[in-house]
Amino acid sequence: MSLMKKVSAAAAAAVMTLSLSSCGSDTTWGADIDGNRLRAGILIYFQSNAVSEASQYLGEGETDVLDIMIEDKPSKEWINDEAVEDMREYAAVEKKFTELGLSFENNEEKAASNTVDQWWEYVGEYFESIGVSKQSYYDVVLNSQKRAAVFDYYYADGGEKAVPDEDIKNHLLENNARIKFIKMELKDGEGNLLKSDGKAELKKMAEDYIERARSGESFEAIEDEYNEYYANLVAEASETSGDEEADVPEGEETETVGGETERISYGTIVSKGSVIPSEKVANTVFDGSLNVGDYTIVEEDEVWYIVHRIDLFDDPEYLDSQKDSVRRDLKGEEFDAAVLGWIEGQNVTVNEAAIKRYKLEKLTAE
């Protein structure tokens with residue numbers, strides 16, 4: 001649990017009404033929150049999540065997640081507390097979704113049902129074995145859709161606290177870059193590392209490629225030229241050795257422009273710390289030495305990369321495709337804190353009979 005979540009949860013606990021109810025033998029519900037009885041399967045689902053999180057607290061030599069202390073609590077108590085808090089957030093989201101008069105406009109219910117159907121084939125047997133029905137799983141998935149809808153009500157375009165496009169762009173520019181690159185093998189057709197003369201020849205080839213690209217020649221055409229060149233080297237070596245001929249790497253998507261077919265390429269997105277196409281390439285892109293429009297050669301032990309940095313927003317659909325994830329990066333913690341504020345003052349009755357019946361040991365059984 002994050003520090004923000006801990007502090008907010010502590011504040012909420014100070015004002016909520018929490019009670020336990022044995023309710024005889026009725027174990028079909030896990031908790032009653034402001035009159036909304038949540039299925040026992042939802043309680044068990046959140047317990048299962050909490051057990052997984054609790055495993056991160058296992059110390060050296062510890063194997064039983066139910067026999068440790070977590071944040072000064074016996075782990076069983078901690079797990080149940082986490083599950084109850086998740087149910088309280090679930091109920092708060094349901095209530096807020098209704099209060100705001102929200103409704104689904106893009107068949108979210110069907111999408112949730114499809115998600116459950118797809119995953120049930122893999123998780124259904126396990127969930128049913130621990131007491132989580134398909135309906136309970138669907139309820140949790142749909143609640144996550146509602147949570148996203150409430151988030152969008154506040155932070156999406158037109159929302160009360162809408163995140164400006166400029167903030168989204170700045171966040172993307174700070175953490176991502178768009179490049180085109182040509183991967184040049186530092187090997188001959190037989191896979192042997194090049195010697196000094198071979199490296200010098202490859203270096204001249206790379207520098208010539210850069211000059212041609214700077215002069216306006218298509219980077220994609222140059223990439224195709226190199227790929228064909230290297231494939232021919234491998235093919236020639238294969239003919240000599242009797243191996244199968246190598247294939248020329250396929251190009252990217254194409255479109256017809258003015259009667260001629262041209263490659264479409266918006267390049268590759270790299271992020272800070274990325275290992276694609278390589279860690280050294282990513283570090284070079286973000287060290288401040290490579291501006292938009294620049295070219296460079298990144299030399300590694302077995303390959304060299306010709307790297308061309310282009311405008312991150314060259315792809316006209318990129319900004320819109322990233323808005324949702326960036327909004328959550330920028331406002332996720334703020335929204336989570338707001339949800340925790342909504343659970344303050346809830347009347348919560350935990351069904352002790354369900355807690356006793358659905359034992360945590362079942363969640364850790366192999």
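Numbers below:
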item	result
Correct option for P(r) over Cα pairs in 10 Å bins from 0, in percent [calculated from the coordinates] among (1) 4, 17, 21, 18, 15, 15, 8, 2, 0; (2) 5, 22, 31, 25, 12, 3, 1, 0, 0; (3) 6, 26, 37, 25, 6, 0	(1)
Å³ per residue enclosed by the Cα convex hull of the stretch 293-340	132 Å³
Heavy-atom accessible surface of the chain: percent carbon and sulfur, 1.4 Å	44 percent
Accessible area in the full protein assembly, largest first, 1.4 Å probe, for Thr98, Thr284	Thr98, Thr284
Relative contact order [Cα under 8 Å, 6+ residues apart], the chain, whole percent	30 percent
From phi via Karplus (6.51, -1.76, 1.60), per-residue ³J(HN,Hα) for the stretch 141-150 in Hz, x at Gly/Pro	5, 5, 4, 5, 5, 5, 4, 5, 5, 5
Proximal lysines relative to Lys96, as straight alpha-carbon distance under 28 Å, when same-chain residues fewer than 8 apart are discounted	Lys5, Lys6, Lys110, Lys134, Lys146, Lys161, Lys323, Lys331
Cα long-axis angle, helix 3-15 against the chain (0 to 90 degrees, to the nearest 10)	20 degrees
Probe 1.4 Å, protein heavy atoms only - accessible area per residue of the chain in square angstrom	56 Å²
Cα-Cα P(r), the stretch 53-188, percent of pairs per 10 Å interval	9, 21, 25, 25, 15, 5, 1
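The values are calculated or read from the model by the stated rules, or taken from the named source; none is laboratory data. No experiment lies behind these values; they were computed from the predicted model shown. Note: areas computed on protein heavy atoms with side chains; ligands, DNA, RNA excluded. Shrake-Rupley method; radii C 1.70, N 1.55, O 1.52, S 1.80 Å.
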